[in-house]
Every structure is written in C-alpha cells, then in structure tokens.
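**Student:** Below is a structure I'd like to ask you about.
The values are calculated or read from the model by the stated rules, or taken from the named source; none is laboratory data. Keep in mind that what you see is a predicted model, and the values were worked out from it rather than measured. Backbone-built Cβ (ideal geometry, glycine too); neighbour counts: all protein chains shown. Ligands, DNA and RNA are stripped out before the accessible areas are found, and what is left, the full protein with its side chains, is counted by its heavy atoms. Shrake-Rupley method; radii C 1.70, N 1.55, O 1.52, S 1.80 Å.
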Amino acid sequence: MGNVSESYNLPSNPSVESENVQEEMRSDKKRKQRVVSNCWDHFTKLNVGSVAKAKCNHCGTVLSCGSGTSHLNRHTRQIHGFNQPTIEEVFENKQHLVKTESGELGIQKFDPLVARQKLTTVVVKHELPLRFVEYESFREFVDYCNPLVKHMSRNTLKSEIFKIYNVEKGKAMNLLEVNNSRVAITTDMWTACNQKKGYMVVTGHFIDNSWHLQSRILRFIYVQAPHTADCISQILVKCLMDWNLDRKLSTVTLDNCSTNDAMVARLKGLLSTESMILSGNFFHMRCAAHILNLIVKDGLSVIESGITRVRDSVSYWSSSPKRVEKFEVACRQIQIDVKKLGLDCPTRWNSTFAMLELAVKYKSVFSRLQTLEPQYKCLPSSEEWELAKQMLDYLRPFSKLTEMFSGTTYPTANLFFPLVCKMRIALKGWQTSDVPAVKNMADNMIGKFLKYWDEISGVLVMAVILDPRYKMVLINYYYPKIYVVGLENQLKRVRELCNEMMNYYEAKSATTRYGVVGESSTALVVPSDQSHIDFDNIDYMGDFDAYATQNSQPISSKSDLDMYLEDPLVKRTPDFDVLQWWKMNKGKYPILAEMAKDLLAIPVTTVASESAFSTGGRTLSPHRSRLHPDTLEAIMCSQHWLWATSSRGGVPEEEIFTGEELKDEDEDGPQILD
C-alpha cells in the first residue's frame, strides 16, 4: 500500500487544512446570509437598454437602481406606506413619528430646537408657570415619550419666551405696516393686587386687507406711580411711535375720568392732528359700557336703600359655611333650586343687576330665615322687594345691551346706535310712569345720557349709515321719536357730517371713481428734423384717442355716498356680515369702502383691554407675584399674538393652572425687550 496521505490527497499539515475549510464555510454562510433590501419586495428589476432600472409593483413608477436603494425605500415608505422603520431605528437615527395632514404616520427628523419652541408655546398659551418644565412628573413623562429630549430649566424657558415675543412682535408689526386702514386704540390702567404695581395695556383694532376685524395687544407695560396725565400720555405716544401708528390713528377709546380727558388733550398736542380724521374731531371715543354704567347707576340711586339691604342680606347669608348651610336648608324646605349667592361690585351696575335678580327669587327664603335667625335684621321690606322687582323689569334690556356691544370679534359701532336709540325712547316713556321712583330714575338716567350723547354720537351715526341694512333710513326713523324740538337741526348736522367725511376721504383718496387719464396716452410726436419723418409709422390719430378717452367717460355729479344712499336697503338676516358686504362692494363704492374700513373697526368699549387684565390677574397669582414686568409683558403679548394667529382665530376660554408656584420664579432681574 502506498502512502495514505498521497492516496487521499491530504495536506501534509492537517491543522492548516482545518483552518482553510472553516474559512470557506464561513464565507459560504455569509454569501447565503447576504442582506437584501426589503424594497425588492415591491420592485422588479428591468434593463432599459444597458441601464438597470427598478419598476414599482404597485404604481408602475420606473426608477434607477444602480446607485443604492435609499430612494426606492423612500418611494415605498412615502408613497405606499411600506418599510416604516421600527421604534428602535427611529430613536437610533434621532427621528420621531409624526401625524401627517391625512392622519397617517410619517417620519421626521427630531429637532430639539423645534421641541423647545413648541413646549414654550404651550406654557405661554395656557398660562402655565415657568417651573412647569422642572416638575419631576413632567420630566418623567417627557423621558418616556422621547429619551433624547434635553430638559429645560425655568431660566432657559424664560429666554425662549423672549425669543417668541420678538418673533411674534415682528409679525404683528408687519401686519399693521402692510395694512392700508387706520387703527383704533383702546387703553386702560390696572393695579396688580399681588404686586401693587400699575400696568397699562394698549390694544390696536383694525380691519385687515381681507376685511376681517383684528385686534393686537401692542404693549402691556409697567407704569411707575404717580399715574398722571403727562406720564400716561408720554408712554402712549412712545408706544404709537414704536409701532409706527402715530399717523394711522382713528380713535382712542378710554374710560370716563378726568385723567383720561387731560391725557387726550396732551396727546393731540404731541401728535399731528393733520393726520387724524377731520383734524381729530373723532379722536376721543368714550367707553360706551362705562357711560351705560354711569347712566344706570344714577337710575339705581333712587332705590339705593333697598339695594343696600339686599346687599347686606346676601353678605349675611354667605359669610360663613354654617349660614350657607342654613340658607340651603331653607331653600329645600320651600322647594326652590339652590344657587350660590354672590355679592355685587358696587361700581359695576351689571353685577348689581345680577345680585338683585337672584335675590328676588329667594324673597320667601329670606323671610323664612328671619324667623329662624334673630340676628338677621337687614331683611328688605315688602315695598323694597316690589320696587326692586319693577326696576329689574325696566333694566333687563340694558343688561342685554351691555352684552351685545361688549363683543371684540365683530364690529360694534354700527350695532350700538339703534340700541341706544331704543334705550332713549324707553327712558322717555318711563318719565310718564305713575310710579314716582321709576319717573325719578328716568329723569336721572336721561340727564346722564344727554351729558355724553353729543360726544360719541358722531362716530355712531356714521357707523350706522355705513351699515347697508340701515343707512339714513334708521336716522330718519328714530330722530323724530327722540327729538321733539330741534329735529331739523339734528338732521342737518347729520347731513353736514356725512358731507365733511366724504370730502375728507375724497381728498385723501389716491383714486377717483372713474379713473384718471395717465401720461401714457398716445400722442402725435413729430421729430424736429422734418426731413427724417417716418410717415409710415406716425400715429395720426393718437391725439384724437387721448381726447376721446377724456371726453367719452360718463359724467355724474353723484358721489359714492349719494349712490350708496339711493340704493335699497339690504335685507336684515341673522348671519349678515357687514364687513363681507363691503368687501364685495368696495369696487362699487371705493371711497365709502375706505371710510367703512376705518370707522367699523372702532370699538365702542374698552372691553378688549380690560379682558387682558383678567389674564394678567391669573398670571400674577399670589404664588407668582415676583414676575418681572418685562417677563410679564412678554408672556401677555405673546399669548395674545399666538392665539390671534392660531387656527381657532382668537383667545378661547383660558385654562387656569391651579398648581402652586414658588414665589422666587423670576428673581434674576429684567430682560430688555427688543
């Protein structure tokens, strides 16, 4: 027998052979386990000429396939929803799942800056405390959702708030800059009870180029004491200058007080009256809600003793839990629904009205409690109860009136005039009442009404004339019922005012109703060198065309106002939108449309500014009383701007955060607002 190793062709070194065999086995295994992209489950390879292509099995799209498969995977993922990465892959690649507009899941690169901005927006819009981002439970929630998120501190959050403030302020300023209508201002003062500091809010109201009523808080500024007319006027002028609104003002709506009257006089001296409507005749608009409050308060003064006893009764039976319980037991015994008693604010007549309206329902309960509680000695008499009930019937329309013209999302100037006319006619009827108290109330209210009517009637008259449902017809209907003496003089004043306004807007308008012939009209131009005249190219009729253009246009002495008033009234419907009507008819009455855009934006109350103080009161809660004024302004303004530009289009019923906030929230000083 020969050599065994030679007969079986074995290597002379068995260990080397064993290593080679194992290496070949590993290579074969790798070749067998070669990773193939999942995209080939959805594509078929093609050869188009000498170029390799891939055809989608679902939609037939042909793509190249010689330079990788990323674009193929992207096609199947984005177009057909296949090959979505796993959660592990998402976090590994710093991506996250998002919902598209169609509601399907998509992949998006995680951007920590965007996440930080969105969290800051949540804090600002929903009035959350700055320490919210440091709450342990919130951070645990964030870690569970995305471990890649880097947590913010309250100081970082404050810096982000100022970034949002500056960005949103720029947007608001640009919106006002490109808008071609005037801006009406409302402003008011507020003292924060937790800081004992005075703040002034300035709100701008205007109709944008799409004919939608808009409002923006311009400043929520800390005002150092004393709050004199000079101090307030200087701050307001600086605000208007910063926002470039000093030449675009229409009116300033203010509460009725001597300080505001003095401030208006100073404003006219600091601002150019030439840029104001009719040299500033409409500049000062008194808050109608405040006027109504003064009128009704004068009327209620005739039953002041009865109101005082009702107020004392409500205070007595709501002063302790034991008395509240006794009151509720008495209600159940008489089978009357139990409602919480509430004291009024003596300076707000509508709160007094609400207190009286509820107290009258519990008249029998109060009488029963007098026999059970010897210490209760402020029960109103039967005559006082009856008189209070009569007064409620008379004043109920005034309560609805206040609610109607206190809106901020729709024009109110055109709505206020017919309601005031009804109120005036009602007061005139009350003067003939057989009840002395009612007659005295009417006399007091009419006296206060006449004191302020002339000061605000101009704006209201023009606004109602610009409402196509009313025009001059409403004036001609109500004035004979209101003015027994001097009717013709009052109607003459209205007509003169209309003509003055029309002349003013015609003078400032850059266009006329029928247009103007421009300098581009074709004319016969003859060269000075007569020997080089090109007779083939001369337009012999060019000067005739210019003449015909000038003299063939219709000639009419009627203005926009005349034609508008001659047209029939628009039918009154619940869904009528006066702004959209003017948007559709601005081509027919271009000059009147400019006037309507300015006047219908004027708010008749300062409700928009006062509502900001409600938010400010929650933001400056007892647990957050150390917020710096600059930080407070950034939060207040940013919140208003963010809600104004959101899809919901306005500030909703605010969500109140009730968690306790540490008092050292913002103790590291101010930050300068850009």
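**Student:** Mind checking which residues of segment 188-215 are surrounded by fewer than 18 Cβ atoms within 10 Å (Cβ to Cβ) and at pLDDT 90 or above?
**Tutor:** Asp208, Asn209, Ser210, His212
**Student:** Now a separate question. Given the conditions (1) touching a Leu at 6+ places or on another chain (Cβ under 9 Å); (2) buried (at least 18 other Cβ atoms within 10 Å of the Cβ); (3) among the polar types (S, T, N, Q), report the number of the one that Ser181 does not fulfil.
**Tutor:** Going through the list (1) touching a Leu at 6+ places or on another chain (Cβ under 9 Å); (2) buried (at least 18 other Cβ atoms within 10 Å of the Cβ); (3) among the polar types (S, T, N, Q), Ser181 breaks only (1).
**Student:** Scan segment 139-155 for residues that are surrounded by 16 or more Cβ atoms within 10 Å (Cβ to Cβ) and of a type outside the set (Lys, Arg) and jot them down.
**Tutor:** Initially, segment 139-155 is screened for residues surrounded by 16 or more Cβ atoms within 10 Å (Cβ to Cβ), giving 142, 149, 152, 154.
Within segment 139-155, Val142, Val149, Met152 meet the criteria.
**Student:** Anything in segment 420-470 that is within 29 Å of the chain's Cα centre (by Cα), part of a helix (DSSP H, G or I) and modelled with pLDDT of 85 or more? List them, or say none.
**Tutor:** Val459, Leu460, Val461, Met462, Ala463, Val464, Ile465
**Student:** Scan segment 573-595 and give yes if some residue there is open to solvent by less than 20 Å² (accessible area, probe 1.4 Å), of a type outside the set (A, V, I, L, M) and either within 19 Å of Val494 (Cα to Cα) or out of contact with any helix residue (DSSP H, G or I) (no Cβ under 9 Å at 6 or more places or on another chain) (or both), otherwise no. Show your work before the answer.
**Tutor:** Of all residues in segment 573-595, those open to solvent by less than 20 Å² (accessible area, probe 1.4 Å) come to 578-579, 582, 589, 591-593, 595.
This time we only want the ones that are of a type outside the set (A, V, I, L, M), so: 582, 589.
From what's left, either within 19 Å of Val494 (Cα to Cα) or out of contact with any helix residue (DSSP H, G or I) (no Cβ under 9 Å at 6 or more places or on another chain) (or both): none.
No, segment 573-595 contains no residue that is open to solvent by less than 20 Å² (accessible area, probe 1.4 Å), of a type outside the set (A, V, I, L, M) and either within 19 Å of Val494 (Cα to Cα) or out of contact with any helix residue (DSSP H, G or I) (no Cβ under 9 Å at 6 or more places or on another chain) (or both).
**Student:** Another question about this same structure. Could you check segment 450-497 and list, in sequence order, the residues that are among the aromatic types (Phe, Trp, Tyr) and either loosely packed, with under 14 Cβ neighbours inside 10 Å or in contact with an Asp or Glu (Cβ under 9 Å, 6 or more places away or on another chain) (or both)?
**Tutor:** Looking only at segment 450-497, we keep the residues that are among the aromatic types (Phe, Trp, Tyr), and these are 452-453, 470, 477-479, 483.
Passing the criteria: only Tyr477.
**Student:** If you don't mind, there's one more thing I want to ask. From Leu387, Leu427, grab the single residue that is in contact with a helix residue (DSSP H, G or I) (Cβ under 7 Å, 6 or more places away or on another chain), free of Cβ contacts under 8 Å to residues at least 40 places away in the same chain and among the aliphatic types (A, V, I, L, M). If you could, list the steps in order and put the result at the bottom.
**Tutor:** On the way: Leu387 fails: free of Cβ contacts under 8 Å to residues at least 40 places away in the same chain.
When all the criteria are applied, what remains is Leu427.
**Student:** Something else: Of all residues being open to solvent by less than 60 Å² (accessible area, probe 1.4 Å) and at pLDDT below 70 in segment 381-410, which is farthest from the chain's Cα centre (by Cα)? Just the residue, please.
**Tutor:** Checking each candidate, the answer is Phe405.
**Student:** Then there's this: What do you reckon, is Val90 outside any strand (DSSP E or B), at pLDDT below 70, among the hydrophobic types (A, V, I, L, M, F, W, C) and surrounded by 10 or more Cβ atoms within 10 Å (Cβ to Cβ)?
**Tutor:** On the way: outside any strand (DSSP E or B): yes; at pLDDT below 70: yes; among the hydrophobic types (A, V, I, L, M, F, W, C): yes; surrounded by 10 or more Cβ atoms within 10 Å (Cβ to Cβ): yes.
When the stated conditions are applied, Val90 passes them.
**Student:** In segment 621-650, which residues are buried (at least 21 other Cβ atoms within 10 Å of the Cβ), farther than 11 Å from Glu127 by Cβ and either at pLDDT below 70 or among the polar types (S, T, N, Q) (or both)? Break it down stepwise before answering.
**Tutor:** Going through segment 621-650, the residues buried (at least 21 other Cβ atoms within 10 Å of the Cβ) turn out to be 624, 627, 631-641.
Filter again for farther than 11 Å from Glu127 by Cβ, leaving 627, 631-634, 637-638, 640-641.
Result: Thr631, Ser638.
**Student:** So for segment 390-413 (the condition being of a type in the set (Lys, Arg) and closer than 27 Å to Cys287 by Cα), does at least one residue qualify?
**Tutor:** Within segment 390-413, the subset of a type in the set (Lys, Arg) is 396, 400.
Still in the running and closer than 27 Å to Cys287 by Cα: 396, 400.
Yes; the residues of segment 390-413 include at least one that is of a type in the set (Lys, Arg) and closer than 27 Å to Cys287 by Cα.
**Student:** So, of the residues in segment 311-361 that are touching a Cys at 6+ places or on another chain (Cβ under 8 Å) and over 29 Å from Ala289 (Cα atoms), which turns out to be least open to solvent (accessible area, probe 1.4 Å)?
**Tutor:** Checking each candidate, the answer is Tyr316.
**Student:** Restricting the first residue to segment 307-334 and requiring it to be touching a residue at least 60 places away in the same chain (Cβ under 8 Å) and closer than 13 Å to Tyr376 by Cβ, which pairs with a second residue that is open to solvent by 60 Å² or more (accessible area, probe 1.4 Å) and polar (S, T, N, Q) meet a Cβ separation below 9 Å and a spacing of at least six or different chains?
**Tutor:** So the pair list comes out as Tyr316/Gln375.
**Student:** Test of understanding: among Thr371, Thr402, which residue is part of a helix (DSSP H, G or I), out of contact with any helix residue (DSSP H, G or I) (no Cβ under 9 Å at 6 or more places or on another chain), on the phi < 0 side of the Ramachandran plot and not aromatic (Phe, Trp, Tyr)?
**Tutor:** Working: Thr402 fails: out of contact with any helix residue (DSSP H, G or I) (no Cβ under 9 Å at 6 or more places or on another chain).
On inspection, the qualifying residue turns out to be Thr371.
**Student:** Output the number of residues of segment 362-380 satisfying the condition of being without any contact (Cβ under 8 Å) to a residue 40 or more places away in the chain and either hydroxyl-bearing (Ser, Thr, Tyr) or open to solvent by less than 50 Å² (accessible area, probe 1.4 Å) (or both).
**Tutor:** Taking segment 362-380 as the starting set, the residues that turn out to be without any contact (Cβ under 8 Å) to a residue 40 or more places away in the chain are 362-365, 367-368, 370-371, 374-375, 377.
With the extra rule that they be either hydroxyl-bearing (Ser, Thr, Tyr) or open to solvent by less than 50 Å² (accessible area, probe 1.4 Å) (or both), the set shrinks to 362, 364-365, 367, 371.
Of the residues in segment 362-380, 5 are without any contact (Cβ under 8 Å) to a residue 40 or more places away in the chain and either hydroxyl-bearing (Ser, Thr, Tyr) or open to solvent by less than 50 Å² (accessible area, probe 1.4 Å) (or both).
For every residue, the table says whether it meets (1) open to solvent by less than 10 Å² (accessible area, probe 1.4 Å); (2) assigned to a helix (DSSP H, G or I); (3) modelled with pLDDT of 90 or more; (4) in contact with a helix residue (DSSP H, G or I) (Cβ under 9 Å, 6 or more places away or on another chain).
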site: Asn174; (1), (2), (3), (4): no, yes, yes, no
site: Ile185; (1), (2), (3), (4): yes, no, yes, yes
site: Ile217; (1), (2), (3), (4): yes, no, yes, yes
site: Phe220; (1), (2), (3), (4): yes, no, yes, yes
site: His227; (1), (2), (3), (4): no, no, no, yes
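**Student:** Return yes or no: is Asn414 assigned to a helix (DSSP H, G or I), open to solvent by 40 Å² or more (accessible area, probe 1.4 Å) and not β-branched (Val, Ile, Thr)?
**Tutor:** On the way: assigned to a helix (DSSP H, G or I): yes; open to solvent by 40 Å² or more (accessible area, probe 1.4 Å): no; not β-branched (Val, Ile, Thr): yes.
In short, no.
**Student:** Of the conditions (1) within 30 Å of Trp243 (Cβ to Cβ); (2) part of a loop (DSSP other than H, G, I, E, B), Ser319 fails just one. Which one is it?
**Tutor:** Result: Ser319 passes all but (1).
**Student:** Report every pair of residues separated by at least 6 positions or lying on different chains whose Cβ atoms are under 7 Å apart, first residue within segment 438-449 and of a type in the set (Phe, Trp, Tyr), second buried (at least 17 other Cβ atoms within 10 Å of the Cβ).
**Tutor:** Short answer, once both residue conditions are applied: Phe449/Ile295; Phe449/Arg424; Phe449/Leu427.
**Student:** Could you please find all residues in segment 240-261 being open to solvent by less than 30 Å² (accessible area, probe 1.4 Å), assigned to a helix (DSSP H, G or I) and closer than 19 Å to Leu294 by Cβ?
**Tutor:** Asn260
**Student:** Related question: Of the residues that make up segment 339-356, is at least one over 33 Å from the mean Cα position of the chain (by Cα) and assigned to a helix (DSSP H, G or I)?
**Tutor:** Among the residues of segment 339-356, at least one is over 33 Å from the mean Cα position of the chain (by Cα) and assigned to a helix (DSSP H, G or I), which makes the answer yes.
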